[in-house]
Amino acid sequence: MSSASLVPTRTVATHCPYCALQCGMTLTAGVGTTTVGARDFPTNRGGLCQKGWTSAELLDSPHRLTVPLMRAHRGLPLEPTTWDAALGRVAASIRALQARHGNDSVAVFGGGGLTNEKAYLLGKFARVALRTANIDYNGRFCMSSAAAAGIRAFGLDRGLPFPMSDIAEADVVLLVGSNAAETMPPFTRWLTDQRDNGGSSIVVDPRRTPTARQATLHLQVTPGTDLALANGLLHLAIADGLVDADYVRARTSGFDDVRRTVAGYWPERVERITGVTVADQRAAVRLLAGAGRAMVLSARGAEQQSKGVDTVTALINLALALGLPGRPGSGYGCLTGQGNGQGGREHGQKADQLPGYRRIDDPAARAHVAGVWGVHPDTIPGPGRSAYELLDALGTADGPKGLLVMGSNVAVSVPDADRIAARLADLELLVVSDLVRSETAEFADVVLPVTQWAEEGGTMTNLEGRVLLRTPAQQPPPGVRSDLEVIGALARRLDAPGAWPTEPAEVFAELRRASAGGPADYAGISYERIEAEDGVFWPCRDDAHPGTPRLFRDRFATPDGRARFVAVEHRPVAEEPDADYPVYLTTGRLLQHYQSGAQTRRIRPLADAQPEPMIEMHPALADAHGFDEGEHVRVVSRRGTALGRVRITDSIRMDTVFMPFHWGGAGAVNKVTNPALDPVSRMPEFKVCAVRLEPAS
Ligand code: SF4
């Protein structure tokens, strides 16, 4: 509940500001308070998690930024200033840097929580106003491996190619690397329905999480070995004659290569690699292949690996061999994490991408988008650096010297965070747009205070590819501007060509034209339709198109319409435990916090429930180190150290510790994590590295 600046009481239907479930909720802004209410939306059916119920508390938080901040030069403190002075400083610094070092010397970093309108306009700003190739976003750290694997296999990436309600109809669900019971609790009601319908579930996770505890079968893998497990399950399915040969023949290509590859993944070898017993492997295959309808769902546990694309590919191979994708109540899907992780990867804030999920190196795509933007196609830069590579190049001889950050707290969310903090400190210009003074804002030369979800309109695209409408419930505090206004004001100060609308509806109208004909086609989606239809699924090619809740029913989005098997081999994680660093570290989220915690750490009930990071470890590991419950301990890797309190539990493997990544400062686990990148998606290996444990003293 928060005090509101809107005087008349009114209730609007909107969505939660946090994760990709984008739960429907109501907001009632009245005299003195803004209240979150339940809303019977098709995905969450009235359910919200603790984060959603408390989300209004940040609207008038004392932590809220309401005036631009600027420092005269590095070493001096951030001081309040005017918008005119702040924007003038930013524009002048950009001009000076680009005159000295070229267009690519200024970079842009966006976020998977930005609305589609913001993501679109930010991408356009980078290409048209700055003419820099260097733009990427934190979604690269979220589901880029699943996206790349989906495009490789199906020719298209949409998190779930079916509505969430289909999950309740599956006989078996295989969940790999997802702790949905904590990260998106209302989602698990679909799993409950599935179980009530007589279904079973299999969870693959190094931890016996609340999600794993509810499963029929928990496969407690060694971190980083999901690929070998998937190949092993396919090996058994082939050996037992459980492959859907008709489906494979009619709807896929490349199976023979995969069959030859997985021949090397016999059950005893897979048990040695993964720690999953032969009996459990056989039980999993029996469940999956015995189901009339089955689903394979992956999340960050499988994806945030230096072989994340191949790991997801192995899971897709398994799904294809069992004949699942494109069938009712069946298929493969990715449980996207960030609020607009789906839409954020469709409209041009990714280094290799133009709006509509078009490729930036495709001449036809460039010509179409240039036509919408009113520029010559040759002026649109080519692909730039991926997120980690961009950040790691900051301030270097041939790297960007200036950076604009919108909707991201990179100082907390990047792997090897101390290294990137040093890069941020080397910049000549760092501009941060944010609601609060985040850890990244502390490095900034200019901080711009912006509106938040309940104060602005726009669209978000949830993990099903359903485009949703965010409705403003109250006025922003005086002194705050929207990200769209910030982008528009800077574009005009930089004399950028073309139109720079700042009203979300106007930006969306342009986005629809820019996406028309692309894979993620929003041309037929309007704010009115979204409201009337409880969201519209893309692709939706014109006003008369019904939208596409289910993809791949008749053909896949490949040139020949067939899904592609791709043979993939297990390989070790980039950093295996050794004598100096003998324990695996894996990272993830808690129920009460969201991503870098910049917002949820400032909400009292959430901060009270989880005030500091913990280090989850098995009693045997705690005993071996002489650690007690609640004791402060250091987790040390080759890159850095993070501090947390010991939480002893037998739900984790003896060789592994778990730490959540929601904190900066001494408790920032990303000081420890490994930036080893997947060769295709450029996803860092957040999920596993080698560490040792030391007493804090
Ligand atoms: Fe729903 Fe996610 Fe918000 Fe929780 S954080 S209420 S699961 S959208």
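The values are calculated or read from the model by the stated rules, or taken from the named source; none is laboratory data. Quick caveat, the model's predicted, so the values are computed rather than measured. Here Cβ is always computed from backbone atoms with ideal geometry, including for glycine, and neighbour counts include all displayed protein chains. The accessibility values were calculated without ligands, DNA or RNA, using every heavy atom of the protein model including side chains. Shrake-Rupley method; radii C 1.70, N 1.55, O 1.52, S 1.80 Å.
Gly159 - would you say it is within 16 Å of the ligand (Cβ to nearest atom) and either open to solvent by less than 10 Å² (accessible area, probe 1.4 Å) or not in a helix (DSSP H, G or I) (or both)?
yes
Checking the conditions here, which among Asn116, Asn103 is buried (at least 24 other Cβ atoms within 10 Å of the Cβ) and in contact (Cβ under 8 Å) with a residue 24 or more places away in the chain?
The unique qualifying residue is Asn116.
If I ask for residues that are open to solvent by less than 40 Å² (accessible area, probe 1.4 Å), farther than 19 Å from Gly665 by Cβ and not in a strand (DSSP E or B), which ones from segment 589-629 would you list?
Answer for segment 589-629, where residues must be open to solvent by less than 40 Å² (accessible area, probe 1.4 Å), farther than 19 Å from Gly665 by Cβ and not in a strand (DSSP E or B): His618, Leu621, Ala622, Phe627.
Which is modelled with pLDDT under 95 and either crowded, with 22+ Cβ neighbours inside 10 Å or not aliphatic (A, V, I, L, M) (or both), of Ala180, Ala153?
So the residue among Ala180, Ala153 that is modelled with pLDDT under 95 and either crowded, with 22+ Cβ neighbours inside 10 Å or not aliphatic (A, V, I, L, M) (or both) is Ala180.
Go through segment 480-497 and give me each residue that's open to solvent by 20 Å² or more (accessible area, probe 1.4 Å) and either at pLDDT below 95 or charged (D, E, K, R) (or both).
Once the filter is applied, which keeps residues that are open to solvent by 20 Å² or more (accessible area, probe 1.4 Å) and either at pLDDT below 95 or charged (D, E, K, R) (or both), segment 480-497 yields Arg481, Glu485, Arg492, Arg493, Asp495.
For segment 656-697, give me each residue that is surrounded by 22 or more Cβ atoms within 10 Å (Cβ to Cβ), part of a loop (DSSP other than H, G, I, E, B) and of a type outside the set (S, T, N, Q).
Scanning segment 656-697 gives Phe661, His662, Trp663, Gly664, Ala668, Val672, Asp678, Arg682, Met683, Phe686, Lys687, Val688.
How about segment 278-290: which of its residues are open to solvent by 20 Å² or more (accessible area, probe 1.4 Å) and either modelled with pLDDT under 95 or within 30 Å of Pro679 (Cα to Cα) (or both)?
If the condition is that a residue be open to solvent by 20 Å² or more (accessible area, probe 1.4 Å) and either modelled with pLDDT under 95 or within 30 Å of Pro679 (Cα to Cα) (or both), then Ala289, Gly290 are the ones that fit.
If you take the residues of segment 162-177 that are part of a loop (DSSP other than H, G, I, E, B) and surrounded by 22 or more Cβ atoms within 10 Å (Cβ to Cβ), which of them is nearest to the ligand (Cβ to nearest atom)?
Among residues in segment 162-177 that are part of a loop (DSSP other than H, G, I, E, B) and surrounded by 22 or more Cβ atoms within 10 Å (Cβ to Cβ), the one nearest to the ligand (Cβ to nearest atom) is Gly177.
Please report, ordered by residue number, the helices (runs of 4 or more DSSP H) entirely within segment 326-421 with at least 2 residues that are open to solvent by 30 Å² or more (accessible area, probe 1.4 Å) and of a type in the set (A, V, I, L, M).
It comes to 363-373.
So Trp53 clears everything in (1) within 11 Å of the ligand (Cβ to nearest atom); (2) open to solvent by less than 10 Å² (accessible area, probe 1.4 Å) except one condition, right? Which one?
Trp53 satisfies every listed condition except (2).
Per-residue answers, yes or no, for (1) within 16 Å of the ligand (Cβ to nearest atom); (2) out of contact with any Pro (no Cβ under 6 Å at 6 or more places or on another chain); (3) not small (Gly, Ala, Ser):
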site	(1), (2), (3)
Ala294	no, yes, no
Ala302	no, yes, no
Ala351	no, no, no
Arg358	no, yes, yes
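Going by the structure shown, is Gly561 on the phi > 0 side of the Ramachandran plot, within 16 Å of the ligand (Cβ to nearest atom) and either modelled with pLDDT of 95 or more or open to solvent by less than 20 Å² (accessible area, probe 1.4 Å) (or both)?
no
All but one of (1) of a type outside the set (Lys, Arg); (2) under 24 Å from the mean Cα position of the chain (by Cα); (3) surrounded by fewer than 17 Cβ atoms within 10 Å (Cβ to Cβ) hold for Gly535, so report the exception by its number.
Evaluating Gly535 over (1) of a type outside the set (Lys, Arg); (2) under 24 Å from the mean Cα position of the chain (by Cα); (3) surrounded by fewer than 17 Cβ atoms within 10 Å (Cβ to Cβ) leaves (3) as the failure.
Does Thr471 satisfy being surrounded by 21 or more Cβ atoms within 10 Å (Cβ to Cβ), among the β-branched types (Val, Ile, Thr) and under 30 Å from Gly333 (Cα atoms)?
For Thr471, the condition - surrounded by 21 or more Cβ atoms within 10 Å (Cβ to Cβ), among the β-branched types (Val, Ile, Thr) and under 30 Å from Gly333 (Cα atoms) - is not met.
Taking Thr35, is it within 16 Å of the ligand (Cβ to nearest atom), β-branched (Val, Ile, Thr), in contact with a strand residue (DSSP E or B) (Cβ under 7 Å, 6 or more places away or on another chain) and over 23 Å from Leu463 (Cβ atoms)?
The answer is yes for Thr35.
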